[in-house]
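Step one of this worksheet: look at the structure below.
Please treat every number below as a calculation from the coordinates, not as lab data. Please read these numbers as outputs of a predicted model, since none were measured by experiment. Cβ coordinates were reconstructed from backbone atoms using ideal geometry, including for glycine residues, and neighbour counts include every protein chain displayed.
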Amino acid sequence: MTISMYSASVPVFKRMLSNLSHFLDRAEAHAAAKKFDVNNFMVARLAPDMLPFTRQVLIACDAAKNGLMRISGVEAPKFDDTESTIAQLKERIAKTIAYIDSVPADKVDGTEEKEITFPVGKDATRTMKGEAYLKHWVLPNVFFHVTTTYALLRAGGVELGKGDYLVGAG
């Protein structure tokens, strides 16, 4: 049996974004236990030249949402990128998962050879076939930004482990 484009994308996006929301729950619990404002994490960076915590979460959501939109052709909601609290980031994740849930499998399956042109940077585009786009662009981007968010929270003292990354809240 072959794996479908839907099964290789939608359940993976949902799991990783659900786990991302779980990380934020853990960050809230950590901040409450240590008696500091959880929103202090919003500007965290691992290095001065990287995007801050907030952007990591937003890009993880957008990579999944926009990637699925380009693959399926199902219009995705546009978000304003104005989130300034952990609670708002959790809402963004939930809205992204709701969009992902709305995309029917028949709009995703069979798109392996579909030509997909997408932005890379501010002034360039790239074109890839659907399967290559999913496997070599979208999934790695989602994983990168979810992992970076995880790393930022770990560096901030939040007790997260491999099980949180792989399974989340279960």
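Between 0 and 90 degrees, rounded to the nearest ten: what's the tilt of helix 139-155 against the longest Cα principal axis of the chain?
0 degrees
Compute the angle between helix 53-72 and the longest alpha-carbon principal axis of the chain, please, reported from 0 to 90 degrees and rounded to the nearest 10.
It works out to around 20 degrees.
Is any residue of segment 120-147 close enough, with backbone N under 18 Å, to a label point placed 7 angstrom from the Cα of THR2 along the Cα-Cβ axis, and if so, which?
129-136
Give me the lysines in straight-line cross-link reach of LYS95: C-alpha distance below 19 Å, same-chain residues under 8 apart excluded.
Counting by Cα, and skipping residues close in sequence, LYS95 has these lysines nearby: LYS14, LYS65, LYS78.
If one takes the longest principal axis of the Cα atoms in the chain, at what angle in degrees, from 0 to 90 and to the nearest 10, does the Cα axis of helix 86-102 lie?
With both axes taken from Cα atoms, the answer is about 20 degrees.
Where does the chain land at 222 nm, in deg cm²/dmol rounded to the nearest 500, when only DSSP H runs of n ≥ 4 count, each adding -39500 (n - 2.57), divided by all residues?
-18500 deg cm²/dmol
Using a basic spin-label model with each label point 7 Å from the Cα along Cα→Cβ, how many nm lie between THR125 and ALA33?
Distance between the two pseudo-spin positions: 4.9 nm.
Any idea what the dipole of the chain comes to, in debye rounded to 20, about its Cα centre with Lys/Arg Cβ at +1 and Asp/Glu Cβ at -1?
The dipole magnitude comes to about 320 debye.
Which of the trypsin sites (Lys or Arg not before Pro) found in segment 49-140 are loop residues per DSSP with 13 or fewer other Cβ atoms within 10 Å of their Cβ?
Answer in residue order: LYS78, LYS122.
Set the Förster distance to 35 Å, then compute FRET efficiency between ALA132 and ARG15 from the Cβ-Cβ distance, nearest 0.05.
For ALA132 and ARG15, the calculated efficiency is 0.95.
Got the relative contact order for the chain handy, in percent, Cα pairs under 8 Å and 6 or more residues apart?
37 percent
Please give the contour-minus-distance gain from ASP25 to ALA47: 0.36 nm per residue of separation, less the Cα-Cα distance, rounded to one decimal in nm.
Stretched fully, the ASP25-ALA47 segment lengthens by 5.5 nm.
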